[in-house]
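Since the structure comes first, as structure tokens, the remarks are kept for the end.
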Amino acid sequence: PLYNFLSMYTKLGHCPLHMDAPQAKWTLDICINQSQPWDIHFSQIVPWPEQGVPAKEWQKSILADPQNRFDTYALQPGEAVLFSGSSQWHYRKPLPNRSGSAFCDLLFFHYIPKGASVIANEENWPEYFGIPELAAIVGDQGEPSRWHFPSATNRGLAAG
């Protein structure tokens, strides 16, 4: 796996429409435990939005686009779904029962294709992309970098 994490959603649980990081080609979503089934919705495989997505109400525009088809799955504890997280829009609506005891614990594993790990390490970017100037903004002595994207239409990157 490239990375993994445990998400412990509570009564306010919500997973907005998104795609996973482009290098994380495959996502394994495992339901550990839950108070009741919590549907996840997947689009068909679509190209990564190279040009970005419209900044104003972009999630609504993707959901309303008739070219996007979404299928719904409900996992039970101990079940998993494998999908192309960086090629499929996916989301969960707010937990259906928002009482004090509502919860859903999910374990995520994100995978990158064999041979593609070089692009997952930002220290390789200056040489890999042939842009030596990137060396000035990638991780400092192994520390992770934070990348801020002010808007979907702004092409500038700022390291934080």
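For the stretch 1-35, how many residues are of a type in the set (A, V, I, L, M, F, W, C) and in contact with a helix residue (DSSP H, G or I) (Cβ under 6 Å, 6 or more places away or on another chain)?
Residues that pass the stated criteria total 2.
Here is a yes/no grid of residues against (1) open to solvent by less than 60 Å² (accessible area, probe 1.4 Å); (2) over 17 Å from the mean Cα position of the chain (by Cα):
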site	(1), (2)
Q36	yes, yes
I40	yes, no
P66	no, yes
F70	yes, no
A80	yes, no
S86	yes, no
H90	yes, no
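Can you confirm whether Y9 is out of contact with any Pro (no Cβ under 7 Å at 6 or more places or on another chain) and crowded, with 17+ Cβ neighbours inside 10 Å? The answer is yes for Y9. When A24 is tested against (1) closer than 21 Å to L107 by Cβ; (2) crowded, with 18+ Cβ neighbours inside 10 Å; (3) over 14 Å from the mean Cα position of the chain (by Cα), only condition (3) is not met. Look through the stretch 122-160, keep the residues that are open to solvent by 70 Å² or more (accessible area, probe 1.4 Å) and either touching an Asp or Glu at 6+ places or on another chain (Cβ under 6 Å) or modelled with pLDDT of 50 or more (or both), and return whichever of them is nearest to L6 (Cα to Cα). It comes out as E123.
Pairs only if they're at least six apart or on different chains, beta carbon under 9 angstrom, first in the stretch 6-20 and more than 14 Å from C31 (Cα to Cα), second open to solvent by 80 Å² or more (accessible area, probe 1.4 Å) and of a type in the set (S, T, Y); list them, first residue then second. Pairs that qualify, where the first residue is more than 14 Å from C31 (Cα to Cα) and the partner is open to solvent by 80 Å² or more (accessible area, probe 1.4 Å) and of a type in the set (S, T, Y), are K11/S101. Evaluate the following for S7: is it among the small types (G, A, S) and either modelled with pLDDT of 90 or more or part of a loop (DSSP other than H, G, I, E, B) (or both)? Criteria met by S7.
The values are calculated or read from the model by the stated rules, or taken from the named source; none is laboratory data. As the structure is a prediction and not an experimental result, all values here were calculated from the model. All Cβ positions, even for glycine, are placed from backbone atoms using ideal geometry, and neighbour counts span all protein chains on display. The protein model used for the area step is the full one, side chains on, heavy atoms only, and it has no ligands, DNA or RNA in it. Shrake-Rupley method; radii C 1.70, N 1.55, O 1.52, S 1.80 Å.
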